[in-house]
Ligand code: NAD
């Protein structure tokens, strides 16, 4: 389905981004993998993709806190590919603390990675999508782009910001063949949420498995996490012809969290 397309997925060295990368590669899409190298280095991840799929894969470790690094990544991508057809802004970080204690450095990092980096990447890759008359931008927001939770000031602000940014970009590109949508997951089983599980376990003196269950069911009616591949399949659908009329949407995949 995507054999003549190229996708850049930020934060695709682990978790949801990696799940999305696998689904797109299965569909024949060339890739730019991006993110900090996983433990053990990037080579084994690149080898895994090269062995499993007949697609071209390149890699960037650009630090999304730095707009110059994002520009350098765009230059590198331009040297390898004619254009990015599918941009998935997925990279994200988390930190929890009451607002009055929230460290400024954590606020700045979360806003930079979870919000501003998507503004920068869209500026780099939108013009080619517009001139090609086809493009897909999928921003991975969160249920926290739609509702709030305590102790997540920066994360909730950034994720609400991504929903707004998605809507503006969708409106500006609606007649240009470029759709822009956000996906809003509830709990997904990845490294990002492990410290929250550990905190609950430590605070209550309970086993990790029980802490995980308590964390999930505190807000999410469906008592299970979503798999990264499920998010990947939604991305794939948004890249299909059937989804050409979907733009400016913020889709929850949240086990009913935001239905309440
Ligand atoms: P993860 O920790 O498994 O992956 C994060 C990725 O971002 C990694 O590839 C990492 O290297 C990259 N990254 C982090 N900081 C970076 C930086 N400064 N520069 C470049 N790359 C950087 O996390 P995940 O759970 O897969 O999260 C992916 C996205 O999904 C995030 O935007 C997150 O907010 C969102 N999300 C996650 C959940 C969940 O329950 N896991 C729920 C809703 C939304």
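Work out, step by step, the length gained on full extension between residue 119 and residue 44: first 0.36 nm times the residue separation, then minus their alpha carbon distance; give nm to one decimal.
23.9 nm
Want the number for residue 259 to residue 175: 0.36 nm per residue separation, take away the alpha-carbon distance, what's left?
27.1 nm
Starting from the Cα of residue 1, move 7 Å in the Cα-to-Cβ direction to define the label point; list residues of segment 215-241 whose amide nitrogen is under 15 Å from there.
Within reach of a label on residue 1, which here means backbone N under 15 Å from a point 7 Å along Cα→Cβ, segment 215-241 contributes 229-241.
Report the label-to-label distance for residue 213 and residue 198 in nanometres (one decimal), using points 7 Å from each Cα along the Cα→Cβ vector.
So the label points at residue 213 and residue 198 sit 2.3 nm apart.
Does segment 24-75 come out rounded, prolate or oblate, given a ≥ b ≥ c as the square roots of the eigenvalues of its C-alpha gyration tensor, rounded meaning a/c under 1.5 and, failing that, prolate meaning a/b above b/c?
Here segment 24-75 falls in the oblate category.
For the pair residue 105/residue 37, report the inter-label distance in nm, with labels modelled 7 Å from Cα in the Cβ direction.
2.4
Using the basic label-point model (7 angstrom from Cα toward the beta carbon), what is the residue 150 to residue 224 distance in nanometres?
3.1
For segment 101-164, just say rounded, prolate or oblate: build the C-alpha gyration tensor, square-root its eigenvalues into a ≥ b ≥ c, call rounded for a/c under 1.5, and beyond that prolate if a/b exceeds b/c, oblate if not.
Here segment 101-164 falls in the oblate category.
Rounded, prolate or oblate for the chain? Axes are the square roots of the Cα gyration tensor eigenvalues, ordered a ≥ b ≥ c, and the cut-off for rounded is a/c under 1.5.
prolate
Using just the helices of the chain, give the 222 nm mean residue ellipticity in deg cm²/dmol: DSSP H runs with n ≥ 4 each add -39,500 (n - 2.57), and the total is spread over all residues, rounded to 500. Mind showing how you got there, number by number?
Details: 9 runs with 115 residues, N = 260.
Taking each H run of at least 4 residues, the total per residue is -14000 deg cm²/dmol.
Each reported figure results from applying straightforward, stated rules to the coordinates on display, with no laboratory input. Source: prediction; values computed, not measured. Backbone-built Cβ (ideal geometry, glycine too); neighbour counts: all protein chains shown.
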